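Starting off with a structure, shown below.
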Amino acid sequence: MTDGRGNNPLRSQMESGGMHGKWRETRVFISSTFRDMHSERDYLVKRVFPELRERLLPHRIHLVDIDLRWGITKEEAENDRVLDLCLRQIDECRPFFVGILGERYGWVPRRFDDQAVSKHGWLQHATGKSVTELEILHGVLRKPGMRPRALFYFRDPEFISDVPADLRGDLLPEDEESAQKLAALKDSIRDAALPIPPVEGYPCRFAGLRVNWRFVSQRLRSDNQAGLEALAEDGVVDRQEYGTLKEEARAELKNVSTVLLEGLESFGDRVLADLWRAIKAEYELPDTPQMREADPLTEERDHHKRFMEARTRVYVGRETHLKQLAAVAHSDTPYPCIVTGPGGAGKSALMARFAATFAEKHPEVLMMPHFVGASPRSTSLRDMLTRFCRILGRRFGFQEEIKRETQELVPQFQDFVARVGTRHSASRVV
């Protein structure tokens with residue numbers, strides 16, 4: 001979200017909110033092919049980056065991981081803006097770049113949009129290359145200054161022999177030409193004399209298929225949906241369960257699922273160690289950070305604002321949902337609005353975009369965004385209610401001492417909200 005000059009209003013609000021000069025932000029770009037790397041990307045997002053954020057927290061550095069999985073599919077890559085967006089995100093993440101390669105070369109654009117070529121003239125001589133190779137060229141190989149903080153990981157292909165033959169298509173090279181291009185790309189990375197050489201052959205194991213429930217209702221008949229829900233109650237069809245399915249059921253399952261890998265612990269541990277060393281070196285971090293006293297309310301607010309900025313940075317579309325949320329916020333309905341959807345559907349991004357745009361248009365409204373996972377305290381009900389009560393108390397002059405226990409905080413929060421509605425009729429809280 002930017003204004004006409006390319007500035008980010010949310011970032012400006014964050015910096016002017018008393019944290020400028022105290023917190024720093026570092027960005028990491030994740031580059032890989034799309035279909036075969038869901039498990040690695042999920043492992044980074046769910047395991048590695050949260051641990052890294054915890055390590056950086058005492059140093060007052062906020063980590064933002066840029067995962068553009070939504071922009072690497074063939075359908076979305078045909079959007080003329082995608083390549084330019086990818087390259088721009090790489091520039092904003094410098095000097096940190098994480099590249100993960102398996103056996104697929106990736107989707108090759110038929111043409112480059114004029115905007116991308118006008119900004120990056122070298123693209124005129126890069127036809128026939130995949131989006132993944134273009135990212136690596138732009139992010140590292142054509143930029144010697146990026147090499148000290150560039151990290152590459154090559155997956156061991158041996159695990160493919162244990163994958164059922166009808167599931168190997170998304171893990172193997174697209175064709176012979178693609179295999180040759182990928183081999184040449186890996187050799188270019190090896191020959192780049194990177195200070196941290198690429199990790200060769202990190203292990204993994206085939207674990208089954210992870211069901212994408214978003215597609216089930218669209219692509220499966222109702223009777224097959226019921227059978228899948230019974231089989232994959234946990235969202236996963238493991239290798240034994242897959243072996244019991246008939247050929248027709250397997251074919252349908254492939255349309256609503258992705259290959260699931262396990263045994264990625266050594267991969268994750270290596271990425272964590274490499275990134276931690278790279279960030280420490282880049283920022284010259286001491287082993288023991290200097291602790292500073294800060295207002296807990298301001299600290300927590302900063303966590304959530306930075307979380308929102310990360311989720312809205314590459315947000316596009318869903319204007320209908322945003323209008324519906326705005327209509328609810330403007331209404332006087334006493335009922336809550338609940339946004340539901342499966343994991344990975346983009347609920348956090350939608351709500352972050354709504355909170356950011358609504359706050360910008362209506363600065364008179366008290367906005368209290370809270371995202372579970374945005375900070376170490378965000379998962380605690382007691383801490384969340386304490387935060388809300390303190391915000392309401394400061395804003396509306398409530399003098400009561402904030403309760404300490406959850407069972408006392410619940411009625412206190414309800415009381416504060418009710419008092420805002422009855423005594424401050426001109427006020428609105430979202």
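The values are calculated or read from the model by the stated rules, or taken from the named source; none is laboratory data. Keep in mind it's a predicted model, so treat the numbers as computed, not measured. Reconstructed Cβ throughout: ideal geometry from the backbone, glycine too, with neighbour counts over all protein chains shown. Note: areas computed on protein heavy atoms with side chains; ligands, DNA, RNA excluded. Shrake-Rupley method; radii C 1.70, N 1.55, O 1.52, S 1.80 Å.
Regarding the stretch 257-266, can at least one residue be identified that is farther than 25 Å from residue 49 by Cα, acidic (Asp, Glu) and at pLDDT 85 or above? Quick ask: steps written out before the conclusion?
Keep residues of the stretch 257-266 that are farther than 25 Å from residue 49 by Cα, which gives none.
No, every residue in the stretch 257-266 fails to be farther than 25 Å from residue 49 by Cα, acidic (Asp, Glu) and at pLDDT 85 or above.
If you take the residues in the stretch 299-324 that are of a type in the set (Val, Ile, Thr) and at pLDDT below 80, which one is surrounded by the most Cβ atoms within 10 Å (Cβ to Cβ)? Explain how you work it out, then say what you get.
From the stretch 299-324, those of a type in the set (Val, Ile, Thr) are 312, 314, 316, 320; that's our starting set.
Then drop every residue that is not at pLDDT below 80, which leaves 312, 314, 316.
Details: 312: 20, 314: 16, 316: 14.
The residue in question is 312.
Can you go through 128, 201 and tell me which one is open to solvent by less than 50 Å² (accessible area, probe 1.4 Å), of a type outside the set (A, V, I, L, M, F, W, C), in contact with a Lys or Arg (Cβ under 9 Å, 6 or more places away or on another chain) and under 21 Å from residue 268 (Cα atoms)? Step through it out loud before you land on a result.
Working: 128 fails: under 21 Å from residue 268 (Cα atoms).
Of the residues listed, the single one that is open to solvent by less than 50 Å² (accessible area, probe 1.4 Å), of a type outside the set (A, V, I, L, M, F, W, C), in contact with a Lys or Arg (Cβ under 9 Å, 6 or more places away or on another chain) and under 21 Å from residue 268 (Cα atoms) is 201.
Check 391, 402 and return the single one that is over 33 Å from the mean Cα position of the chain (by Cα), modelled with pLDDT of 90 or more, surrounded by 16 or more Cβ atoms within 10 Å (Cβ to Cβ) and β-branched (Val, Ile, Thr).
On the way: 391 fails: over 33 Å from the mean Cα position of the chain (by Cα).
Criteria check complete, one pass: 402.
Could you grab me the full set of residues in the stretch 97-119 that are in contact (Cβ under 8 Å) with a residue 40 or more places away in the chain, open to solvent by 10 Å² or more (accessible area, probe 1.4 Å) and outside any loop (DSSP other than H, G, I, E, B)?
The answer is none; no residue qualifies.
Filter the helices (runs of 4 or more DSSP H) completely within the stretch 315-409 down to those with at least 1 residues that are β-branched (Val, Ile, Thr) and out of contact with any Ser or Thr (no Cβ under 9 Å at 6 or more places or on another chain). Reasoning before the result, please.
Working: elements: 319-330, 347-361, 381-396.
Answer list for the stretch 315-409: 319-330, 381-396.
Can you work out which of the residues in the stretch 278-297 that are part of a loop (DSSP other than H, G, I, E, B) and surrounded by 12 or more Cβ atoms within 10 Å (Cβ to Cβ) is modelled with the highest pLDDT? Before the answer, list the steps.
Restricting attention to the stretch 278-297, the residues satisfying the condition of being part of a loop (DSSP other than H, G, I, E, B) are 284-295.
Right, trim to surrounded by 12 or more Cβ atoms within 10 Å (Cβ to Cβ) and you get 285, 289, 294.
Working: 285: 93, 289: 73, 294: 61.
Across the stretch 278-297, the extreme among qualifying residues is 285.
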